[in-house]
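The values are calculated or read from the model by the stated rules, or taken from the named source; none is laboratory data. Here the structure is a predicted model, which is why all the values come from computation and not from measurement. Cβ placement follows ideal geometry from the backbone for every residue including glycine, while neighbour counts extend to all protein chains displayed. Note: areas computed on protein heavy atoms with side chains; ligands, DNA, RNA excluded. Shrake-Rupley method; radii C 1.70, N 1.55, O 1.52, S 1.80 Å.
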Amino acid sequence: MPTYDLIIKNVRIVTDIAIKEADIYVKDGKISSIGFLEARPAADVVIDGNGMLALPGLVDTHVHFREPGMVQKEDFETGTKGAAAGGTTTVLDMPTTRPVVSTPDIFREKLKVVAKKAVVDFGLYGAAGIENLHQLDELARVGAAAFKTYTVSPPAERMNEYKGAVIRNAGELLNVIERSSSTGLVHCIHAEEDSIVQYLSGKLQSLGRKDAEAHCESRPNIAEALAVHQAVGIAEMIGAKLHLLHISTREAVQIIRSAKARGVRVTAETCPHYLYFTKEDMQRLGAYGKYNPPARSHEDIIALWEGLRDGTIDAIVSDHAPHAREEKDAGREDIWRAPPGTPGVETRLPLVLARAYGWSLDIHDITRLCSKNPAKIYGLGWRKGELAEGFDADITIIDPDVTWRIKSSELQTKAKDTVIFDQMKVKGQVNYTIVRGRVVYERGVGFERPGVGMFLPGKASDSDIKA
Ligand SMILES: [Zn+2]
């Protein structure tokens, strides 16, 4: 009779298609078996799940934890603690730190700094732009999870957060994607057409517009649609594998739907803020509601949920992008002065649970969108994103029926004061977050020590994602 490291008793396990009552047996960080063993084996730790739901640990492949370089906004410890408290067991951190992760040396330096602080498992993106084309192979070799490219230019004063991650036109995008595709890593695109955004921003500013809604008007649906169309076209032409970040418009959903029907190798994600807020909320949210792409309309929200339902959009991720309150408040009188982005790593699951059922998605869809698909898109689907024997014992135990209100003061992020979901009524409470068999968060108790999170080097992605 083997001794286990952990046994979770009395839980209802959520798989792709069913909910089954069983015990989970964990050995050496992996799920050893699921079921009921006849003899009660021994274990170092036994958790009584009290009939709660066990989900595959959530995977958030789009976070900005701001380290190194901007730790006044967030750092890897507060970021990964927020992830753990929200039931997320794996995060992938974007390369737009200071310096931008555009070379293997910078990648190694960042890894050294953040590894000591991680409470959950993590991977790191590499930036891909024209300036660092010759570094992409080496970035893949040192373990980049994926590549990220912006098709839209950053504000002039933040160029050092983006340098090496921006392309200026379709030819440059083709060049970068051609170069990255030989690495086997997925290439992620922030898709907004820069020339539209530049033109409209200039025009609105010259008219004296400084209100929050002007931000949305400067980045209309067509800006996303044009850039998505272009990226999809390039992927189709050269057979590259692209992932489209934070999709927000009905036009983009339509383009991606038909591309997938033609067999183009694209995947797509959206975020809770696009499923909750519209341009009309900007008056109330002000600069805290400024993010890129911006809040849209109710018609777009409908299209996004339809896209999630039919498999056009593969994942819901947070795009957790915190800023210090002073920075956001600089946009109170003049929206152009506030940086874009909003915190969200800790609130993703309860926000999705609160709304998804109303849009005819069930708990299996939620698990697919928040755990399985994000893992698969990034080549982690062989070990993360599912509760099955042989997989990493990444397990989130929730009480799905509790309704509660988000209190931003209780969140882990350093950007507590800017949380746009504050006071929102949500559903589902995370009681335990378990990473490779280790409890990293227990409700009412706290967190494991920083440094227990493991680095996940990138690898060529699994076979194409299916809904
Ligand atoms: Zn982002």
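Taking the conditions exactly as written (open to solvent by less than 20 Å² (accessible area, probe 1.4 Å), within 22 Å of Leu369 (Cβ to Cβ) and under 31 Å from the mean Cα position of the chain (by Cα)), does Leu55 satisfy them or not?
yes
Name the single residue that is most open to solvent (accessible area, probe 1.4 Å) among those in segment 272-296 being closer than 20 Å to Val232 by Cβ and within 16 Å of the ligand (Cβ to nearest atom).
The qualifying residue most open to solvent (accessible area, probe 1.4 Å) is Asn292.
Name the residues in segment 42-78 that are within 16 Å of the ligand (Cβ to nearest atom) and either assigned to a strand (DSSP E or B) or closer than 14 Å to Thr433 by Cα (or both), would you?
Those that are within 16 Å of the ligand (Cβ to nearest atom) and either assigned to a strand (DSSP E or B) or closer than 14 Å to Thr433 by Cα (or both): Val59, Asp60, Thr61, His62, Val63.
Restricting to segment 105-135, name every residue that is open to solvent by less than 10 Å² (accessible area, probe 1.4 Å) and either away from the ligand (no atom under 16 Å from the Cβ) or under 28 Å from Val439 (Cα atoms) (or both).
Phe107, Lys110, Val114, Ala118, Val119, Val120, Asp121, Phe122, Gly123, Leu124, Tyr125, Asn132
Restricting the search to segment 178-219, which residues are surrounded by fewer than 19 Cβ atoms within 10 Å (Cβ to Cβ) and in a loop (DSSP other than H, G, I, E, B)?
Within segment 178-219, Ser182, Gly184, Leu207, Gly208, Arg209, Lys210, Asp211 qualify.
Check Met282 against each of (1) in a loop (DSSP other than H, G, I, E, B); (2) in contact (Cβ under 8 Å) with a residue 60 or more places away in the chain and name the one condition it does not meet.
If we test Met282 against (1) in a loop (DSSP other than H, G, I, E, B); (2) in contact (Cβ under 8 Å) with a residue 60 or more places away in the chain, just (1) comes out false.
Taking segment 153-177, which residues are over 21 Å from Ala268 (Cβ atoms) and open to solvent by 40 Å² or more (accessible area, probe 1.4 Å)?
Result: Ser153, Pro155, Ala156, Glu157, Met159, Asn160, Lys163, Arg168, Asn169, Gly171, Asn175.
Any residue that is open to solvent by less than 60 Å² (accessible area, probe 1.4 Å) and touching a Phe, Trp or Tyr at 6+ places or on another chain (Cβ under 7 Å) - is there at least one of those in segment 372-379?
There is no residue in segment 372-379 that is open to solvent by less than 60 Å² (accessible area, probe 1.4 Å) and touching a Phe, Trp or Tyr at 6+ places or on another chain (Cβ under 7 Å).
Among the residues of segment 79-106, write down those that are within 19 Å of the chain's Cα centre (by Cα) and in a loop (DSSP other than H, G, I, E, B).
Gly86, Gly87, Met94, Pro95, Thr96, Thr97, Val100, Val101
Out of the helices (runs of 4 or more DSSP H) lying entirely within segment 297-369, which hold 3 or more residues that are open to solvent by less than 40 Å² (accessible area, probe 1.4 Å) and in contact with a Cys (Cβ under 8 Å, 6 or more places away or on another chain)?
348-356
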